[in-house]
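Inspection log for the structure reproduced underneath, given as C-alpha cells.
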Amino acid sequence: MEPFNQSKYCYPNSIVLINKFNIHDQQKLDQIEALYVGKRLKELRESPLYGTFDFSHLKSIHKYIFQDIYDFAGEIRDENISKDHFQFANSLYIEDQGKTLFKELKNEKFLEGLSMDQFCKRAAYFMAEINVLHPFREGNGRTQTEFIRLLAMKNGFELNWGEIGKEEYTRATVLSKFDDTKLSEVIYKCIANHEPNKEIIHSFDKGFKLRVQQMKGKNERDNQER
C-alpha cells in the first residue's frame, strides 16, 4: 500500500478530489462523475471536438469532458502523482515533454496514409506515451481514448472502445507503460473497418473546417468587445 500524501487537489485529510458539488464521499463523487462525464462523452460522439492533435487539443478535450465536475478541467497538473508504484511524468516537465510528443505526431503527419495494422501500432505508441505523461490530475484515460478515437476518425477509421471489456482495456494500458503490443491489439479489435473510409475522412475534414470558422468568429467577437 502506498503511503498517504495530502494532495492539493483533494479535501484536507482526504483522497477525495475537490469538486464543484462539494461532495466529500468518494462513492457519491464516482456516481456523479459517471453521470456527467457519460453525458459529455455521448455529446462528443455526436458532435466531436475537432482540433489539430496538439497539446492544446488534448487539453480542450479534457476540459469539455470534466467541465461539470472539476475546476482543474483542461489544466495541467502541478504536482507529481503515481499509481500502483508507477511514477508518472514529473509535473515540472509535462508541458515540454507534451509539446515534444505532439510534435512527433505532427512529423508523422498524424498517421495519415497508414494501413489499419500500422495505424494501430503507432496509435498505441502515442496513447501509451500520453498515458505515461498523465498530464491531468484526474481523467487521463477517458481523455486519451477520445483523443485516439478522433485520430482514428481523421484517418478514416471508426473506433468504438465499447467493443472490448473494461478489464481487457485496463490490462492493456497498464502493460503499455512498458510494451504497447497489447494496446495495439485492443485498438485493432475496436476498429470496425479494415480499410480507411473516405466518407469518415470527409466528415472529419468538414467538421474541422467548421470549427476553425467558429473559433475565428469567436476571436473576432472577443476582440471587438475589448
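Each value in this text was obtained by applying a stated rule to the coordinates, not by laboratory testing. Only a predicted model underlies this, so the values are computations on that prediction, with no experimental measurement involved. Methodologically, a virtual Cβ is constructed for each residue, glycine included, from the backbone with ideal geometry; neighbour enumeration extends over all protein chains shown.
Count, please, the residues in region 144-200 that happen to be under 18 Å from H57 (Cβ atoms) and under 16 Å from the mean Cα position of the chain (by Cα).
12
Which of (1) crowded, with 21+ Cβ neighbours inside 10 Å; (2) more than 23 Å from F86 (Cβ to Cβ) is the odd one out, the single condition E146 does not satisfy?
With (1) crowded, with 21+ Cβ neighbours inside 10 Å; (2) more than 23 Å from F86 (Cβ to Cβ) applied to E146, the lone miss is (2).
Restricting region 46-58 to residues that are in contact (Cβ under 8 Å) with a residue 24 or more places away in the chain and not in a loop (DSSP other than H, G, I, E, B), which is farthest from I130 (Cα to Cα)?
The residue in question is H57.
Out of the residues in region 121-139 that are assigned to a helix (DSSP H, G or I) and in contact (Cβ under 8 Å) with a residue 60 or more places away in the chain, which is surrounded by the fewest Cβ atoms within 10 Å (Cβ to Cβ)?
Restricting to residues being assigned to a helix (DSSP H, G or I) and in contact (Cβ under 8 Å) with a residue 60 or more places away in the chain, the top hit is K121.
Does any residue of region 140-163 turn out to be over 19 Å from Y50 (Cα atoms) and in a loop (DSSP other than H, G, I, E, B)?
no
Among the residues of region 45-72, count how many are more than 12 Å from the chain's Cα centre (by Cα) and farther than 19 Å from Q213 by Cβ.
8
Restrict the check to region 89-99 and report whether at least one residue is under 30 Å from M215 (Cβ atoms), touching a residue at least 40 places away in the same chain (Cβ under 8 Å), of a type in the set (D, E, K, R) and part of a loop (DSSP other than H, G, I, E, B).
Checked region 89-99: no residue is under 30 Å from M215 (Cβ atoms), touching a residue at least 40 places away in the same chain (Cβ under 8 Å), of a type in the set (D, E, K, R) and part of a loop (DSSP other than H, G, I, E, B).
Could you check how many residues of region 59-72 are assigned to a loop (DSSP other than H, G, I, E, B) and in contact (Cβ under 8 Å) with a residue 40 or more places away in the chain?
Here the count works out to 5.
For E43, work out the one condition from (1) outside any loop (DSSP other than H, G, I, E, B); (2) under 19 Å from F72 (Cβ atoms) it doesn't fulfil.
(2)
Identify, by number, the condition in (1) under 18 Å from the mean Cα position of the chain (by Cα); (2) on the phi < 0 side of the Ramachandran plot; (3) outside any loop (DSSP other than H, G, I, E, B) that F110 doesn't meet.
Single failed check for F110: (2).
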